[in-house]
């Protein structure tokens, strides 16, 4: 008896074990009855999606703020470090900016003329 198991696992060309494509099925087959099989998930469903504008208190990423001001995201980060724009830190350490404050600052920025 070979050390590779039965001969059906050996390649027909070189005598080496053939590459397996996944695992063999183990356990019972067929549909299993789950404890909570009433058709509803055990968690609450999320609220329905709306295409409404951002809610008050929404947070913006540096990239989103940069698009509004037409600057680089690094510039927005520098503004936050300089105290020109307040930022909230996420659990991962990323900055987020209050939309209301950003929109208020945006009102004070002169608009570019169409010819420029």
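We did not get these values from a lab; they are worked out from the coordinates using the rules stated. This one's a predicted model, so the numbers in the text were calculated from it and none came from an experiment. Note that we place each Cβ from the backbone using ideal geometry, even for glycine, and neighbour counts take in every protein chain shown.
Some points to look at:
- Remark: spin-label model distance residue 111-residue 77 equals 3.2 nm, labels positioned 7 Å along the Cα→Cβ axis.
- When each of 90, 75 is scored by the number of other beta-carbon atoms lying within 10 Å, the sequence from fewest to most is 90, 75.
- Distance in nm between pseudo-label sites at residue 103 and residue 88 (7 Å out along the Cβ direction from Cα): 1.5 nm
- Here is the size of the range 59-107 from its Cα atoms: Rg then Dmax, 9.7, 31 Å.
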